[in-house]
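Written out below as structure tokens is the structure these notes cover.
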Amino acid sequence: MRTKIAWCVNKEHRENGLWQRCRSDDCEYKVRHEWDLIRDVCKISVKEGWREADNWTMIISDPNRNAETDHPSGNYFFYIQKMHLGEETRYSISWNGNDAGEPEYSHAQWNLGEDYTYSKHPTKDIHTIKGHESEIIINFECSLVKYPEPEALDIGAYFEDCQNNWDMKFKMTELIKLHDARIRQLMEEKIQSIEEDYSDPEVTHHRDNIIQHAVKAQEAWKAYATARANEVFSTYCGGSGAGVGYGWEYVELQRKRISELKTQYK
Ligand SMILES: [Zn+2]
């Protein structure tokens, strides 16, 4: 998932200082950040069969976002909609940003427009909604939908198309994010199973303690894995393979962690 968001910053197009949904020749669209607002394996909620449906709503949230009710949210989320009205099909983008582009709200209260275009990659499960310098790329080629168990993936095969070191780095980042998503999923399952196992009122005091330690262990693992991968990175002394070296080490540690999480509480 990659997102880039822009809106018209022309002051004359505002009413009472507030942003209006206008599209005129002198609109000045400005991308909020130079980097993507989200570039990660995200939580996506959409009804099944959406690819063929006339109407759908897709909710995309930053994986670092905690509860739906957090305020301020602290992380971005988007509502993408397809609406079929008579002959016309519209695509809209709404998000929880404020006028400064910060993820302030707990609702996707800002509708940026209903005139975005949609396109699908000719062969791959990649969907793009864009227009007026905003762009949202929903890429199921790098997802737990396509790779429910990324830990079983043949890394060599995943890197098959790579032409150069830059491609390798890009793919390595994808791989790390995929494994991260898998770890998050297994952690959620683990916490859920602790909650179920200790739901009896007589043992609930154990439950919170166990969950707290499970979360701490995960945080400590992450700190260790990052430090260890940085240690490997440093031995390249700035050489071009450093990024990929970091990635190999990190993915290997992620895989060990996944196998640990899979064997616990089962
Ligand atoms: Zn404008």
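The values are calculated or read from the model by the stated rules, or taken from the named source; none is laboratory data. Everything numeric in this text was worked out from a predicted model, so none of it was measured. Here the Cβ is made from the backbone with ideal geometry for all residues, glycine too, and neighbour counts use every protein chain on show.
Residues considered: 135, 149, 102. Of these, the only one that is out of contact with any helix residue (DSSP H, G or I) (no Cβ under 9 Å at 6 or more places or on another chain) and either closer than 16 Å to residue 58 by Cα or at pLDDT 95 or above (or both) is 135. Quick check, is residue 17 of a type in the set (Gly, Ala, Ser), within 16 Å of the ligand (Cβ to nearest atom) and over 30 Å from residue 120 (Cβ atoms)? Against the criterion (of a type in the set (Gly, Ala, Ser), within 16 Å of the ligand (Cβ to nearest atom) and over 30 Å from residue 120 (Cβ atoms)), residue 17 qualifies. Restricting attention to segment 68-81, does a residue exist that is without any contact (Cβ under 8 Å) to a residue 12 or more places away in the chain and more than 19 Å from the chain's Cα centre (by Cα)? No, segment 68-81 contains no residue that is without any contact (Cβ under 8 Å) to a residue 12 or more places away in the chain and more than 19 Å from the chain's Cα centre (by Cα).
Annotation: of all residues in segment 194-210 being surrounded by 15 or more Cβ atoms within 10 Å (Cβ to Cβ) and touching a Lys or Arg at 6+ places or on another chain (Cβ under 9 Å), the one that is farthest from residue 256 (Cα to Cα) is 198. Of note, residue 57 satisfies the criterion of being over 21 Å from residue 7 (Cα atoms) and assigned to a strand (DSSP E or B).
This table checks each residue for (1) surrounded by fewer than 16 Cβ atoms within 10 Å (Cβ to Cβ); (2) part of a helix (DSSP H, G or I).
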site	(1), (2)
175	no, yes
192	yes, yes
221	no, yes
225	no, yes
239	yes, no
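What is the one condition in (1) touching a residue at least 12 places away in the same chain (Cβ under 8 Å); (2) closer than 20 Å to residue 6 by Cα that residue 107 does not satisfy? Checking residue 107 against (1) touching a residue at least 12 places away in the same chain (Cβ under 8 Å); (2) closer than 20 Å to residue 6 by Cα, the one that fails is (1).
Let's see how each residue does on (1) away from the ligand (no atom under 16 Å from the Cβ); (2) exposed (fewer than 15 other Cβ atoms within 10 Å of the Cβ); (3) of a type in the set (Lys, Arg); (4) part of a loop (DSSP other than H, G, I, E, B):
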{"position": "26", "(1), (2), (3), (4)": "no, yes, no, yes"}
{"position": "33", "(1), (2), (3), (4)": "yes, yes, no, yes"}
{"position": "78", "(1), (2), (3), (4)": "yes, no, no, no"}
{"position": "97", "(1), (2), (3), (4)": "yes, no, no, yes"}
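Would you confirm whether or not segment 114-122 contains a residue that is outside the structural domain of residue 159 (by TED's automatic domain parsing) and either within 15 Å of the chain's Cα centre (by Cα) or within 19 Å of residue 43 (Cβ to Cβ) (or both)? Looking through segment 114-122, none of the residues is outside the structural domain of residue 159 (by TED's automatic domain parsing) and either within 15 Å of the chain's Cα centre (by Cα) or within 19 Å of residue 43 (Cβ to Cβ) (or both).
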